[in-house]
Amino acid sequence: MDWLPLALSLLCFVFNIPSGIGKVLELSDRFLEVHNEGAWFVMFYAPWCGHCKKLEPIWNQVSQSLYPPVVRVAQVDCTRFPNVASEFKVKGFPTLIFMKNGETFHYKGERTRETLVDYAERMALPPIQVFGDSNTMKNKINSQQKFFLYVGDNAGPTWEAFNVTAYEFQPYIYFYSISLPVLLSSGIETVDHAPSVMVFKDGTHYIYKNEKPVALENRLEGEESETTPAQTELSNMRDWINHERFPNVVEISGGNFHQVMKIKKYIVLVVTEVDKVGRMPKPMRDYKEAIERFAETYHSIYHDHFLFGWTGSPELANSIAMTTLPVPSLIVINATNYLHHIPEKHMEILTPETLADFLNRILQNDIEAYGGMGVMARAKRMYYEGTTTLAGMWYGNPVLTSVIIGLPLGFLSLICYSMWCADIMDASEDDQNVREKED
């Protein structure tokens, strides 16, 4: 390890940063010459950006957590080095990009230390890792971490489909492979043939059946297309993995909302509110726990059509509903068209019977849907978000809001006044000239 201090000193010299363990590398234009070497996790920022300043301490923690630097954590000031920002097509700040082997991956998830570190560690590895013995497999299961598992030899259409899908979804979840004898020796006896594909989550596991998910079957019924068996295998596996990559009850936020909507199911969302330290009042916690029990108890009945989730940010649900929802409350979003359903009567206490009746009516199209992606719905959503933003600005800083709104109105008033006065003055001059001629 005698080379490590020398390597760190060299990096500090090349990238103009102070030396120290776990320091974020400050990049320059010279980064363009070395960005294909090794793995990098880079934040593109601007000094004036408020979101960048908020992320800075978290970014420092990420760098310290990833030391020794299997992944080099760095940042670049795009106002000083615009060529670097242009090369990576940076259009906003902060932009987080993971780079390895000449490929770039834009990070769009939650900006917490834990999620950023987990993402970097996962992306630094091959898309599919191998379980070589049963102990490693058992330790992974005991870790309660979600992952997909391929069982069998690394050949054939099932393996090819799994390999392609693992590359696509590596930014979101882990993928592994194992031989059938090693799997059986680890105590998993539900699989007796290979190849097989499994998902481990929520303390149990499910087996891939090479079928189009029911939620998609209903939407694609009547569509005809000519595909090869390999293409069908890839399509079915991709859809299944996309459906199963989330836990039975997922926390939904602005960071993962768009990924959740790609699942093409109905999203059953419990709307709660947590404080700054993550605490939730007991009535809201009871509401959330009722959904968790329902999702587990009735998994076999509703899993094909519904994904259950909760959010601690009412603003997310309010934006979808285009109104202020009570907390706690329930909203169901159709991920294929953004239509949403709200119970006709507010469910103050969530019982399995009332929830099952509500979901069954949605499946039977027996309850009114709101919103969607039509022109009127988009216009209404823009109006709601605009008025909500202004109200939030006024509540937070009424003086600054008055200045922001008042200055443009003041300039517009001056322009109108000057144009109007100019017309009056021109008319007065014309009248004066006419009188002089008459005299």
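The distance separating the Cα centre of region 256-323 from that of region 92-108 comes to 29 Å. For the pair SER179 and ASN337, label points projected 7 Å from Cα toward Cβ lie 5.2 nm apart.
Would you kindly state how much longer the chain becomes between SER253 and GLU289 on full extension, computed as 0.36 nm times their sequence separation minus their alpha carbon distance, in nm to one decimal?
Roughly 11.2 nm would be gained on extension.
For labels at ASN365 and ASN36 in the simple 7 Å Cα→Cβ model, what's the distance in nm? Those two pseudo-labels are separated by 5.4 nm.
How much of the DSSP bridge set in region 17-106 is antiparallel, in percent, rounded to the nearest 5? In region 17-106, DSSP labels about 55 percent of beta bridges as antiparallel. Taking all protein chains as they are arranged and a probe of 1.4 Å, the heavy atoms of MET347 leave approximately 30 Å² accessible to solvent. Note on region 38-114: dipole from Cβ charges, positive end direction compared against GLY50, GLN75, ILE97; the farthest Cα belongs to GLY50. Listed by chain and number, the lysines placed with their C-alpha closer than 27 angstrom to that of LYS282 are LYS201, LYS345; residues fewer than eight positions away on the same chain are left out.
Shown here are the Rg and Dmax of the Cα trace of region 92-197, at 15.6, 51 Å. Which FRET efficiency value, to the nearest 0.05, do you get for THR204 and ASN60 by plugging their Cβ-Cβ distance into 1/(1 + (r/R0)^6) with R0 = 35 Å? After rounding to 0.05, the efficiency reads 0.35.
Considering only DSSP beta bridges where both residues belong to region 172-329, give the percentage that are antiparallel (nearest 5).
Working: 5 of 14 bridges.
Given both bridge residues lie in region 172-329, the antiparallel proportion sits at roughly 35 percent.
Out of every Cα-Cα pair that region 22-165 contains, those further apart than 21 angstrom amount to 51 percent. Inverting the pair-averaged 1/r between distinct Cα atoms of region 286-395 gives 15.2 Å as its Kirkwood hydrodynamic radius.
Net length available on complete extension from ASP153 to SER413 is 86.0 nm, with 0.36 nm assigned per residue and the Cα-Cα distance removed.
Counting only protein chain heavy atoms and rolling a 1.4 Å probe, the accessible areas of THR297, THR272, THR79 rank, largest first, as THR297, THR79, THR272. When +1 charges are put on Lys and Arg Cβ atoms and -1 charges on Asp and Glu Cβ atoms, the dipole computed for region 96-200 relative to its Cα centre reaches about 380 debye. Spin-label pair LYS380-VAL277: with each label point 7 Å from Cα along the Cα-Cβ axis, the two points sit 4.1 nm from one another.
For LEU125 and LYS138, calculate 0.36 nm times their separation in residues minus their Cα-Cα distance, and state this gained length in nm to one decimal.
Numbers: separation 13, 0.36 × 13 = 4.68 nm, distance 2.01 nm.
Contour length minus Cα-Cα distance gives 2.7 nm.
The values are calculated or read from the model by the stated rules, or taken from the named source; none is laboratory data. Remember, it's a predicted structure, so these values are computed and weren't measured experimentally. Methodologically, a virtual Cβ is constructed for each residue, glycine included, from the backbone with ideal geometry; neighbour enumeration extends over all protein chains shown. All accessible areas refer to the heavy atoms of the entire protein, side chains included, with ligands and DNA or RNA removed. Shrake-Rupley method; radii C 1.70, N 1.55, O 1.52, S 1.80 Å.
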